[in-house]
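The values are calculated or read from the model by the stated rules, or taken from the named source; none is laboratory data. Not measured: the values here are computed from a predicted model. Using ideal geometry, Cβ is built from the backbone for each residue, glycine included, and neighbour counts are taken over all protein chains shown.
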Amino acid sequence: MGFGGMKFWSRAQALRTAALTLLLGIAAAPYALAADAHVVEPHPWQLGFQEAATPVKERIADLHNELLVIIALITIFVVVLLAYVMLRFNARANPVPTRTSHNTVIELLWTVVPVLILVIIAIPSFKLMYYMDRTQKADMTIKVTGHQWYWSYEYPDYKDVGFDSNIIPEDQIKPGQKRLLDVDNPLIVPVGANVRVLIAGSDVMHSWFIPSFGVQMYAVVGRLNETWFNVEKEGTYYGQCNQICGVNHAFMPIVVQAVSKDNFAKWIGDKQKAASNDAAPAGHAAVQLAGATPTVAAAQ
């Protein structure tokens, strides 16, 4: 599909989405978001993908639209061909059937044309796979570890910054929080940064899946998998573990908050300061138990 065709399809998709939003506006009213909050999450009666928040998801959506056009054209062709055969070669219209058993041209076409279609699909698919695989110029790294049934996040580029992220129980949900989606400690990332994500597991297989990022990567014990994202707009983005990882599989949500780089730097600074304050009493206690002076302990 040519570039001009893609632009036409994008405009058509936008018009379709706008019309659908207008039609479902009344049904979706109870789930309307605050005017000043940008939140990407699943919605009741939603059709199609979630809003793209990263370049990866935008490319996934573009490939999806291209494949939809190809599939539609193939379907139309097959339906027209079947209708022609039924009308042209039924017993009433063709009482004396032909005894032709081979047609070289047709046999070549039904072999070559599908191969060409697969090549047309394969080229952008492979390009997208390599683009999704890893970032060559990461601005920061985050390590994600899946547990039964919560996530742990670490920031290796920043000393002593790491925390667990658990679902908020239903009996502790506050106004504005989302049942089965909100967590006590969301992942904080800066907008416009290439974020390398290293994913591992501590017990069974989990899956770190954020639809609006176009990211799904398995957390496997003994293996470190890699993916990346670059959030283009400040806001809150929701995901969930979509690997059946045990009895509480449905209670492993993922929340990512994208903030400005200035706010992220302030948040990192506060986290490091809090970690150093928490570590200080433990250090003094260790010195007293060891019976050593602070000078000796510092040297150790």
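Worth pointing out:
- Neighbours by Cβ (under 8 Å, 6+ apart or cross-chain): first from segment 190-204, not assigned by TED's automatic domain parsing to the domain that holds Pro55 and of a type in the set (Asp, Glu); second crowded, with 17+ Cβ neighbours inside 10 Å and at pLDDT below 95: none
- Number of positions in segment 165-198 that are in a loop (DSSP other than H, G, I, E, B) and not small (Gly, Ala, Ser): 17
- Qualifying residue in segment 263-272 (condition: over 20 Å from Asp157 (Cβ atoms), of a type outside the set (A, V, I, L, M, F, W, C) and either crowded, with 18+ Cβ neighbours inside 10 Å or assigned by TED's automatic domain parsing to the domain that holds Gly192 (or both)): no
- When the residues of segment 15-53 are filtered to those that are of a type in the set (D, E, K, R) and touching a strand residue (DSSP E or B) at 6+ places or on another chain (Cβ under 7 Å), the one that is modelled with the highest pLDDT is Glu51.
- Here Val105, Val56 are screened, and the one residue that is modelled with pLDDT of 85 or more and either within 30 Å of Val231 (Cβ to Cβ) or surrounded by 13 or more Cβ atoms within 10 Å (Cβ to Cβ) (or both) is Val56.
- Of all the residues in segment 101-151, those that are in contact with a helix residue (DSSP H, G or I) (Cβ under 8 Å, 6 or more places away or on another chain) and over 28 Å from Arg59 (Cα atoms) number 1.
- Of the residues making up segment 117-168, those that are surrounded by 16 or more Cβ atoms within 10 Å (Cβ to Cβ) and among the aliphatic types (A, V, I, L, M) are Leu128, Met132, Ala138, Met140, Ile142, Val144, Val161, Ile167, Ile168.
For every residue, the table says whether it meets (1) in contact (Cβ under 8 Å) with a residue 24 or more places away in the chain; (2) over 30 Å from Gly214 (Cβ atoms); (3) under 47 Å from the mean Cα position of the chain (by Cα).
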{"position": "Val56", "(1), (2), (3)": "yes, no, yes"}
{"position": "Val79", "(1), (2), (3)": "no, yes, yes"}
{"position": "Val85", "(1), (2), (3)": "no, yes, yes"}
{"position": "Asn90", "(1), (2), (3)": "no, yes, no"}
{"position": "Thr111", "(1), (2), (3)": "no, yes, yes"}
{"position": "Leu116", "(1), (2), (3)": "no, no, yes"}
